[in-house]
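Asker: Questions regarding the structure given below will be posed in turn.
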Amino acid sequence: IPGTYSLSQNYPNPFNPSTRIEFALPKGEFVEIRLYDILGKEVAILANGNYNAGNHLLDLNLSYLSSGSYFYRINAGQFTDTKKLMLMK
């Protein structure tokens, strides 16, 4: 079980159309991961539910989005972090 919260950079980045996002929780939490476009508009909810303590991996297919830069943000308890990803078609 991880000792701290973490949100990893997606891999690969840039990607087309699939990518992976990893995050770690030291204890069970309700987790939300939301995806935003460059203007800050929410375009997808990537995770929304209870997760056990441990390392987690999201395999995502974002082929429905257009090319560009996006941000994904995790909220888990008091932990919040944001990372940037790029979709290139």
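Asker: Given the structure, is Gly3 of a type in the set (Gly, Ala, Ser), without any contact (Cβ under 8 Å) to a residue 60 or more places away in the chain, assigned to a loop (DSSP other than H, G, I, E, B) and open to solvent by less than 60 Å² (accessible area, probe 1.4 Å)?
Answerer: no
Asker: Please verify whether Pro14 is touching a strand residue (DSSP E or B) at 6+ places or on another chain (Cβ under 7 Å), touching a residue at least 60 places away in the same chain (Cβ under 8 Å) and exposed (fewer than 15 other Cβ atoms within 10 Å of the Cβ), treating the condition exactly as stated.
Answerer: yes
Asker: Run Lys89 past the list (1) at pLDDT 95 or above; (2) on the phi < 0 side of the Ramachandran plot and report the number of the one that doesn't hold.
Answerer: Against the list (1) at pLDDT 95 or above; (2) on the phi < 0 side of the Ramachandran plot, Lys89 comes up short only on (1).
Asker: What about Lys89, is it in contact (Cβ under 8 Å) with a residue 12 or more places away in the chain, under 11 Å from Ile21 (Cβ atoms) and either in a strand (DSSP E or B) or not aliphatic (A, V, I, L, M) (or both)?
Answerer: no
Asker: When you check Leu39 against the structure, is it hydrophobic (A, V, I, L, M, F, W, C), out of contact with any strand residue (DSSP E or B) (no Cβ under 7 Å at 6 or more places or on another chain) and open to solvent by 70 Å² or more (accessible area, probe 1.4 Å), yes or no?
Answerer: So Leu39 passes the test.
The values are calculated or read from the model by the stated rules, or taken from the named source; none is laboratory data. Note that the structure is predicted; figures quoted are calculated from it, not measured. Ideal geometry is used to build each Cβ from the backbone, glycine not excepted, and the neighbour counts take in all protein chains shown. For the accessible areas, the whole protein counts, side chains as well, though only heavy atoms, and no ligand, DNA or RNA atoms are used. Shrake-Rupley method; radii C 1.70, N 1.55, O 1.52, S 1.80 Å.
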